[in-house]
1. Name the single residue, out of those in the stretch 163-194 being touching a residue at least 60 places away in the same chain (Cβ under 8 Å) and surrounded by 14 or more Cβ atoms within 10 Å (Cβ to Cβ), that is nearest to residue 270 (Cα to Cα).
2. Could you list, in sequence order, the residues of the stretch 140-157 that are surrounded by 17 or more Cβ atoms within 10 Å (Cβ to Cβ) and either touching a helix residue (DSSP H, G or I) at 6+ places or on another chain (Cβ under 7 Å) or outside the structural domain of residue 128 (by TED's automatic domain parsing) (or both)?
3. Could you check the stretch 23-42 and list, in sequence order, the residues that are farther than 16 Å from residue 5 by Cβ and surrounded by 13 or more Cβ atoms within 10 Å (Cβ to Cβ)?
4. Of the numbered conditions (1) touching a residue at least 24 places away in the same chain (Cβ under 8 Å); (2) surrounded by 14 or more Cβ atoms within 10 Å (Cβ to Cβ), residue 129 fails exactly one; give the number of that condition.
5. Tell me the residue from 204, 238, 219, 160 that is modelled with pLDDT under 90 and either surrounded by 17 or more Cβ atoms within 10 Å (Cβ to Cβ) or under 30 Å from residue 132 (Cα atoms) (or both), please.
């Protein structure tokens, strides 16, 4: 016989000729020389030296162990004293249940949603993240979730985690902010067959993400075509002069026309406008000539109007002077004064009236 001592926190398994016989715990034990003792730390997982099914036939040993069976489509999270330690994959595991407070959380990987009691802080843990899919939806976005080609739900902004398995998950996102769509460089014919190039824009918002992404393909492209066709139709109904004069009313007409069609796409058009109307080079020259001629005509009208007013004023003055000799004399002196300002020196004789002499000087000889 030989004596074996098992220290606290340890346990011993006794084998005879390679066959398990019994379990011994803390204390001193006598064993035969033909028996061997293998000790195990109670704070560590139990790695069975023999088939676990054989060892568990001993009820005393079975009562000291917690057995965890993990299926192929599962993982088990192991917590020791409420702290996460490891992930168990498919297989059978045994843990001593005397010193360490174990907690086991079984996760079903065959489903998509993570419904188990697992803290989100562990999702980025090195041992766990390989089993998780992560999707981000920005603060200004919404998204729809499609699993196995079936619509599931609408996702608001945030971070989403799903189990990684053979099921497909697609996340389609849409920007929920006010957006602007440019319809640029459209070459269109007016009613009078003039070719113009128009830059048009529309401001819009996605209001129903399910309609926009699920019931329509490329809703933004469809909105572009809708605006393009409406613009083409309205421009074709106006002459060039009407187009240039009524840009705002045309933009409003396009807005009213596409508003209902945009709702079918899951978007709301907020505003439309014509940014530029660009004429080809020859048309621009013609328009410039017309503008110059128009401005010259306006200038001639103003000149004639001023001349008429001046003539009328002179006529009124002449009539007044004809009836009033004193007024005539004053006017005559006024003009003499104006002429005298432009002459450096005037010499008059000492005899006779000065005014009469000045009058003779400035009078025109016929």
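The values are calculated or read from the model by the stated rules, or taken from the named source; none is laboratory data. Everything numeric in this text was worked out from a predicted model, so none of it was measured. In this analysis, Cβ positions are derived from the backbone assuming ideal geometry, glycine residues included, and neighbour counts consider all displayed protein chains.
1. Ranking the candidates gives 194 first.
2. Passing the criteria: 142, 144.
3. Within the stretch 23-42, no residue meets the criteria.
4. Residue 129 satisfies all of (1) touching a residue at least 24 places away in the same chain (Cβ under 8 Å); (2) surrounded by 14 or more Cβ atoms within 10 Å (Cβ to Cβ) except (1).
5. 238
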